[in-house]
1. Only one of B:Ser136, B:Ser110, B:Ser149 is more than 16 Å from ligand 3 (Cβ to nearest atom), touching a residue at least 60 places away in the same chain (Cβ under 8 Å) and out of contact with any Lys or Arg (no Cβ under 9 Å at 6 or more places or on another chain); which?
2. Which of the residues spanning region B:23-43 are without any contact (Cβ under 8 Å) to a residue 24 or more places away in the chain and either within 8 Å of another protein chain (Cβ to nearest Cβ) or open to solvent by 80 Å² or more (accessible area, probe 1.4 Å) (or both)?
3. Check A:Val560, A:Val543 and return the single one that is over 22 Å from the mean Cα position of the chain (by Cα), surrounded by 13 or more Cβ atoms within 10 Å (Cβ to Cβ), at pLDDT 95 or above and among the β-branched types (Val, Ile, Thr).
4. Go through region A:154-169 and report how many residues are outside any helix (DSSP H, G or I) and polar (S, T, N, Q).
5. Are any residues in region A:591-615 within 23 Å of A:Ser519 (Cβ to Cβ), open to solvent by 30 Å² or more (accessible area, probe 1.4 Å) and not in a loop (DSSP other than H, G, I, E, B), and if so, which ones?
6. Are any residues in region A:547-557 touching a residue at least 60 places away in the same chain (Cβ under 8 Å), in contact with a helix residue (DSSP H, G or I) (Cβ under 7 Å, 6 or more places away or on another chain) and open to solvent by 10 Å² or more (accessible area, probe 1.4 Å), and if so, which ones?
7. So which of A:Leu506, A:Leu457 ends up being touching a residue at least 60 places away in the same chain (Cβ under 8 Å), open to solvent by less than 60 Å² (accessible area, probe 1.4 Å) and not assigned by TED's automatic domain parsing to the domain that holds A:Asp562?
Amino acid sequence: MTALNSKIPPGPLEKKWENFKKTAPLISPTNKRKFNIVVIGSGLAGASAAATLAQEGYQVDCFSFHDSPRRAHSIAAQGGINAAKNYQNDGDSVWRLFYDTLKGGDFRSREANVYRLAEVSLHIIDQCVAQGVPFAREYGGQLANRSFGGAQVSRTFYARGQTGQQLLLGAYGSLSHQIGAGRLRMHTHSEMLDLVVINGHAKGVIIRHLLTGAILRYAADAVVLATGGYSNVYYLSTNARGSNATAIWRSYKRGALFANPCYTQIHPTCIPVAGDYQSKLTLMSESLRNDGRIWVPKKKGDQRLPHQIPQQERDYYLERKYPAYGNLAPRDIASRSAKEVCDQGRGVGPSGLGVYLDFEDSITRLGKKVIEERYGNLFEMYENITGENAYEHPMRIFPALHYTMGGLWVDYHLMSNLPGLYVLGEANFSDHGANRLGASALMQGLADGYFILPYTLGSYLCTQFETKPSIDLPEFEQAQEAVLATTSRLLEVRGSLSAHYFHRELGKILWEHCGMTRSEKSLQEALSEIPKLRERFWKEINVPGSNDSFNKSLEYAGRVADFLELGELLARDALHRRESCGGHFRTEYQRPDGEALRNDELFSCVQAWQYQGEASEPTLLQEPLCYEFVQPGMRNYK
Amino acid sequence: MKSSLNSSSLGQTRAERKLLSFTLRIWRQENSHSPGFFEQLDAKDIPAEASFLEMLDIINDRLIEEKKIPIAFDSDCREGICGTCSMVINGIPQGPGRGAACQVYMRSFSPGSTITIEPYRVKAFPILKDLVVDRSAYDRLIQAGGFISEHTGGAADAATILISKKTADAAMDAAACIGCGACAAACPNSSAMLFVGAKVTHLSLLPQGQPERSERVFSMVHAMDGEGFGNCSNYYACEAICPANISASVIATLNREFIKASITL
Ligand SMILES: Cc1cc2nc3c(=O)[nH]c(=O)nc-3n(C[C@H](O)[C@H](O)[C@H](O)COP(=O)(O)OP(=O)(O)OC[C@H]3O[C@@H](n4cnc5c(N)ncnc54)[C@H](O)[C@@H]3O)c2cc1C
Ligand code: SF4
Ligand code: FES
């Protein structure tokens, strides 16, 4: 059994990172030039890492399946980025951001990692401002902050509703600088389809060039994955269409551990699904819940229009159940409550899967102008998508998959159990435990890429001077053959159904049985249905076109094939975690009042899965979580 | 946009979904070397609430079921921010209305009409397949100097330099560009000046952008000419279609910055 050594440095919490940096081995500038680093992904995590490593003198090759590094899904983040700057002097501190993140994660993350994240957050803002990120400012010229996701302090920095875009363009600027200077090779339209492992170490990748179909080998002294999250395993999510799990999934099949796959986050305020053709779900900012009241009709199957339903026949269920927090109840609680009323047949809209978010009272109280000032752009976006005017009729919203806390297992160095493989950003499992706080994913991606990996990489590389990998090794040959075999197999089925069809069906199974609520029975159901769907996929799919050309259907089919496997692991992990925590709610484990019941005695641990081949079940490894500096408490929002 | 209960799904029950039909005239081209042509396709029974790209998804699924080759088109975020989608709908780059092609909805077309869909026609953006073009020229313009050369880890505390709200807002207006390439596609001269002007304006407004201000504008303009983009002759077609509302005033800024740099360098 692989021992899970998290490599947390000794010493007091506040000193761990500092001590680590003091003693970490350094690689001299002349030696840096000798090391080849492959970075997969150019989102916040990948672009920041690649640019920083190239600037330090490493030989860097960065790959992205997109047509430009600037397209990475990070571009779509809206709300903002947290940092413990305490510019507002409202009592924030590194400790408070650390504690909020740990508590928000329902005490399922490592103290040392989270503390380091909070510490490093200070430098991120400095770095971004220096790059020219136009953060919002006060009239006096100071940086503006807002309170986000129910935080008691204002620590969120933002650039209008386009924070992710501006941060990514900052990192893309640095990346472009290095490319232009000839210090970094950027490979766009290049998809990693396998990891090459030599003597147990990650030493290269197999890339399919998407325009030509060429399958290429790249050797490296270390491989960095920054390939984003896997929400799209549910088919519909707020993620971009192209977001996928292929890089991390295929690395898992080469021996990297997959940690906590069942930790997924569902966002309560998205525009509901309108039909089967729907391709993605659009997030509506959570801030709308500050002034909107959420309700459904009291009566089942009530077909009346909202304004025809009198007050006494409406159920403002969040206000009723959580009088203290009301419509501002946390994301998971708001989402689950919406599901509950829809399951009772009281949902609204054509599909019956929606609840009203009503601004009528706020408009009466504050006037339309105030509401327009606060949310004008959101109302416009809503109208553009749905054709409905939310000043006149209540909005309809429904929860949607938004973020995945799970990912490849990494230690304090951000290295996986496979030496030489580093995993950054949403692709790793590291800092958010069972639930992520708003505005902290951007923070983590940039922390990992700008400030953590550049310090930790040396510890591994200093042991690798003698081991130059060559692409002529049989391991490269074998991995390349394996990729070719998979793509050929996809093309040879020639059934009659599109990859889309199977992806949608998988999404239905997961959403139904492993979504906002999960139970032993529903998870068993998922575990029996997914393999059947997978079998059908390999018999009935039709992938048109050929292997040696630009073939979007082929790219997509490969990603769906991986989702069909990952979905099963997700359900297995959820079944194994017999407790409710953060985004993972098991109906068997709730308190009498319906709130999540955590089980620290048995499950205060990371669940990491190890692949054992197609015919066997994966094995489970556990990393215990020890709380030395804080006492895990229970959440209470009543 | 005007909405009424009739055109929305608010009052609809499950049974009564509105379906629309169209004829598509769509550009098909195997690769950069092969000749292209317009193909006529039926788009029958498209849900009125579907987006334009979802309509193309539906058509593609049907083509796959009929064992035909689907239409290649780019998209990713599908909410108007990533700049990946790129096509010309009825002669308009990124389609009718403000926003990107992914934000166009089928209910805005008259039922039964013929819709023409083709790729951007810009020499510097070669066609790769069907509606997909190669926009890497825009990346190279940024690589030429569209950044601030900041070294990771060396930055001073962000609070040390104050920036007025007005300046920050103006920089943000220009920084909002999504890099979609529609400006060059709309321009009769295939000029990239809205794109370059947006970046130069964003960075030259900010104190952090000052040290490289002159070199930046020089190298970006030089690269723009090198890539084969044309010059601006004040049509303002770019401003009219830009999904990120970039104002043509950034082109004036670009010209001014260029002249200033020519004097000082
Ligand atoms: C709508 C929305 C709003 C959000 N808002 C916020 C917010 O306000 N605040 C916040 O903190 N977080 C927010 N998030 C979360 C946050 O945006 C993401 O978690 C974060 O940006 C992920 O960054 P990343 O660098 O890890 O991955 P990504 O940005 O997803 O980048 C992945 C990169 O990997 C590449 N890639 C993937 N697979 C391969 C492969 N096989 N081969 C080659 N390349 C590959 C892609 O091309 C891309 O370059 C939001 C998320 C969504 C969906
Ligand atoms: S300036 Fe406008 S049209 Fe041109 S690339 Fe930017 S967003 Fe697109
Ligand atoms: S798909 Fe992202 S802008 Fe259209």
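1. B:Ser149
2. Residues satisfying the conditions are B:His33, B:Pro35, B:Phe37, B:Gln40, B:Asp42.
3. Working: A:Val560 fails: over 22 Å from the mean Cα position of the chain (by Cα).
On inspection, the qualifying residue turns out to be A:Val543.
4. Qualifying residue count, region A:154-169: 3.
5. Passing the criteria: A:Asp600, A:Glu601, A:Leu602.
6. Hit for region A:547-557 is A:Asn547, nothing else.
7. On the way: A:Leu506 fails: not assigned by TED's automatic domain parsing to the domain that holds A:Asp562.
Every option except A:Leu457 fails the conditions.
Residues checked against (1) out of contact with any strand residue (DSSP E or B) (no Cβ under 8 Å at 6 or more places or on another chain); (2) open to solvent by less than 20 Å² (accessible area, probe 1.4 Å):
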site: A:Val94; (1), (2): yes, no
site: A:Leu102; (1), (2): yes, yes
site: A:Ala118; (1), (2): yes, yes
site: A:Ile124; (1), (2): no, yes
site: A:Gly132; (1), (2): yes, yes
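The values are calculated or read from the model by the stated rules, or taken from the named source; none is laboratory data. Every value quoted in this text rests on a predicted model; they were computed, and no experiment measured them. Every residue, glycine among them, receives a Cβ derived from its backbone with ideal geometry; neighbour counts consider all protein chains shown. In case anyone asks, the SASA skips ligands and DNA or RNA and just uses the protein heavy atoms, side chains included. Shrake-Rupley method; radii C 1.70, N 1.55, O 1.52, S 1.80 Å.
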